[in-house]
Amino acid sequence: MARRPPPGKCTYCLRHFDKLTWDHVLPLSWYPSSTPHDIAKWKAPACTECNRRLGQVEEDLLLRLGLCLEPQSISALGISHKAIRAISPQFAKDERGRKARELKRQKLLGEAIHFETPPQEGFLPHFGPLPWLSYDGYHAVLVREDTLRQYAEKLVRGMALVLDNCLLGPEYKIDLHVVRQEGDRQMLKLFDGRSQLYHRGLGFVIRRMVREDDQAWMYAIHIWERLRFYVVAHPGDLREPEGNRGAA
């Protein structure tokens, strides 16, 4: 069994703890079954509270996004099956588990939106209807922007520690950018010849670029080939606005 991290700061909330846990930066449940077994899984020290909170964020996103993936995709092999099992009471080990899965199922069904024809706006890029498939109808699963933002920030804070041995302090602002499908190529051009490429199996492809001039990190994160977003971590301006000074 791996030893606990030594006392220190949590990677995510930055508070000091005498007892920390290991958190998998790229969540274990998100690795497709096509991932080679010898790939090292990045880990970062986290407090129990952050580990639990972010685990819930990861579980919720995996469920919603996993239901929208092609089961036969090599880059996402097994992910849709995990999502289906998570809301199928018959796969639970006991009555408590069955109730929990049924609640998840009912919540998801209650939030789902049905369309006769898909809208032109509102789809997460690369998660709209696939042009080579025919559909009797269209069902949309809601993905909250705040949930995706928390997940992106978690990845960047963890990777900064693992790859650069840098704990991003409170002065750092982390901006999430999700671009239209046609903008992907333009965004990737920013990383050409100036970034490091990390393949964590077929499920995760990450490009990372460090801008020394303004101490900023830029990431292009592609997961299962379908979930694509870009993140910039940079020192923010912590000065208090003029209008707020002296206010009671």
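Here, each number is a calculation from the coordinates, and none is a lab measurement. Being a predicted model, the structure only gives us computed values, none of them experimental. Reconstructed Cβ throughout: ideal geometry from the backbone, glycine too, with neighbour counts over all protein chains shown.
Structural remarks
- Folded to 0 to 90 degrees: helix 145-164 orientation relative to the chain principal axis, Cα: 50 degrees
- Given the chain, longest segment not containing exposed loop GluC sites (Glu not before Pro) (DSSP; at most 11 other Cβ within 10 Å): 1-115
- The lysines within cross-link reach of Lys93, meaning a Cα-to-Cα straight distance under 20 Å and a gap of 8 or more places when in the same chain, are Lys82, Lys104.
- Here the gap between Asp164 and Ser88, fully extended at 0.36 nm per residue and compared with their Cα-Cα distance, gives a gain of 23.3 nm.
- Value in Å of the Kirkwood radius, where the range 151-235 supplies the Cα pairs that are averaged: 13.2 Å
- For the chain, the relative contact order comes to 18 percent (Cα pairs under 8 Å, sequence separation of at least 6).
- Here the gap between Leu103 and His16, fully extended at 0.36 nm per residue and compared with their Cα-Cα distance, gives a gain of 27.7 nm.
- Of all segments of the chain bounded by chymotrypsin sites (Phe, Trp or Tyr not before Pro) found in a DSSP loop with no more than 15 other C-beta atoms within 10 Å, the longest spans 1-131.
- FRET efficiency, 1/(1 + (r/R0)^6) with R0 45 Å, evaluated for Glu121 and Gln215 via beta carbons: 0.80
- Across all Cα pairs in the chain, the calculated P(r) in 5 Å bins from zero up to the longest distance comes to 1, 5, 11, 15, 17, 17, 14, 9, 6, 3, 2, 0, 0 percent per bin.
- From the alpha carbon centroid of the range 167-235 to that of the range 107-141 is 27 Å.
- Most mobile of Lys43, Lys93, Lys173 in a GNM of the chain (Cα contacts under 10 Å): Lys93
- Of Gly158, Gly203, Gly137, the one that fluctuates the most in a GNM where the chain has Cα springs shorter than 10 Å: Gly137
- Look at Asp175, Asp18, Asp60 and count the other Cβ atoms within 10 Å of each Cβ; fewest to most, that gives Asp18, Asp175, Asp60.
- Globularity index of the range 8-140 is 1.27 (Cα radius of gyration / 2.2 N^0.38 Å, N = number of residues).
- Gaussian network model of the chain, springs between alpha carbon atoms under 10 Å - residue of Leu67, Leu148, Leu130 with greatest fluctuation: Leu130
- Sequence of Met159, Met187 once ranked by neighbouring C-beta atoms within 10 Å, starting from the fewest: Met187, Met159
- Reachable lysines from Lys9, criterion Cα separation under 29 angstrom, eight or more residues apart if same chain: Lys19, Lys41, Lys43, Lys154, Lys173
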